[in-house]
1. Taking every alpha carbon pair in the chain, what does the distance histogram look like in 10 angstrom bins from 0, in percent?
2. Whenever you get a sec, line up 30, 43 from highest to lowest accessible area (probe 1.4 Å, protein heavy atoms).
3. Work from the charge dipole of the chain (Cβ charges, +1 for Lys and Arg, -1 for Asp and Glu, about the Cα centre) and give the residue of 231, 213, 148 farthest towards its positive end.
4. Listed highest first by mean packing, meaning other Cβ atoms within 10 Å per residue, what order do 94-105, 173-184 come in?
5. Need one number: convex hull volume per residue for the stretch 120-241, Cα atoms only, in Å³.
6. Determine, for each peptide in 14-22, 221-229, 205-213, the mean count of other beta carbons within 10 angstrom over its residues, then list the peptides with the highest first.
7. For the stretch 1-138, which semi-axes, largest first and in whole Å, follow from the square roots of 5 times the eigenvalues of its Cα gyration tensor?
8. Calculate for the chain the 222 nm mean residue ellipticity that helices alone would give, adding -39,500 (n - 2.57) per DSSP H run of length 4 or more and normalising by residue count, nearest 500 deg cm²/dmol.
Amino acid sequence: MARRTEALVIQHMAAGGPGRWAGWLAEGGLDLRVVRAYAGEPLPGRLDHAALLVLGGAYLPDDDERAPWLAPARRLVRDALDREIPMVGICLGGQMLASVAGGAVRAEHGEPEFGSTRLTLRGEAAEDPLFRRLPPRPVAIENHVDAIVRLPEGARWLAESDRCPYQAFRVGEAAWGVQFHPESDPERIAQWSAGRLARHGVDREALHRRAVADDPALVEVWREVALRFAAFAARRGRDPR
């Protein structure tokens with residue numbers, strides 16, 4: 001069966017949907033089929049989609065006891081890699097991509113990152129289909145305590161931050177992982193657990209105010225990346241490898 005012009009989206013938490021990437025990807029011609037795996041909606045055994053989007057969540061990639069759908073999610077990531085179906089993994093999704101491809105992830109590693117965070121693009125980003133010609137130090141929204149500690153062999157390392165080196169990378173020609181949340185807007189921060197943030201010495205209202213101030217720049221950069229991904233998936237669908 002031919003691939004549809006649709007991305008399969010794996011959602012791990014009720015508050016962790018595709019956010020404004022849903023509208024931006026649709027603007028680029030890529031519709032979404034969201035599977036709310038956390039609510040028991042079953043994942044397919046094989047991808048029959050133009051792309052895969054794996055969202056974030058409060059789990060490690062192999063936390064199968066707490067989240068039994070992670071095992072079939074990993075199989076779909078493996079399927080995307082094997083068949084070079086375009087995919088983006090966000091936060092947990094990026095960690096899952098790194099793990100499946102042979103990298104490593106560690107729980108509560110390094111310094112946590114929350115809210116607006118300045119990234120630095122690395123040299124390899126200049127030739128990347130999604131990251132080329134972006135501002136050299138874009139801002140992104142972060143929300144993580146776990147981190148990738150080793151990229152897969154041969155991965156292209158695209159972006160870093162002061163606290164977390166592996167902010168963006170690409171495996172092969174069609175799979176991207178990011179530690180940050182390009183789909184999030186400032187209002188999502190307003191819904192984060194104030195108690196959890198306070199345990200890390202962070203004030204939620206301050207995070208929200210800064211994200212509101214940064215939002216025009218956030219939209220400009222990550223909308224462009226979403227549109228590029230939609231176009232990339234459409235090209236791959238017309239000319240599968």
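1. Computed distribution, short to long bins: 8, 35, 40, 16, 1, 0.
2. So the residues, ranked largest to smallest area, are 43, 30.
3. It is 231.
4. Ranked from most to least packed, the peptides come out as 173-184, 94-105.
5. 119
6. The most tightly packed comes first, giving 221-229, 14-22, 205-213.
7. 23, 21, 15
8. So the calculated ellipticity at 222 nm is -10000 deg cm²/dmol.
The values are calculated or read from the model by the stated rules, or taken from the named source; none is laboratory data. Since we're looking at a predicted model, the values are computed, not measured. Don't worry about glycine lacking a Cβ; one is built from the backbone with ideal geometry, like all the others, and counts go over all protein chains shown. For the accessible areas, the whole protein counts, side chains as well, though only heavy atoms, and no ligand, DNA or RNA atoms are used. Shrake-Rupley method; radii C 1.70, N 1.55, O 1.52, S 1.80 Å.
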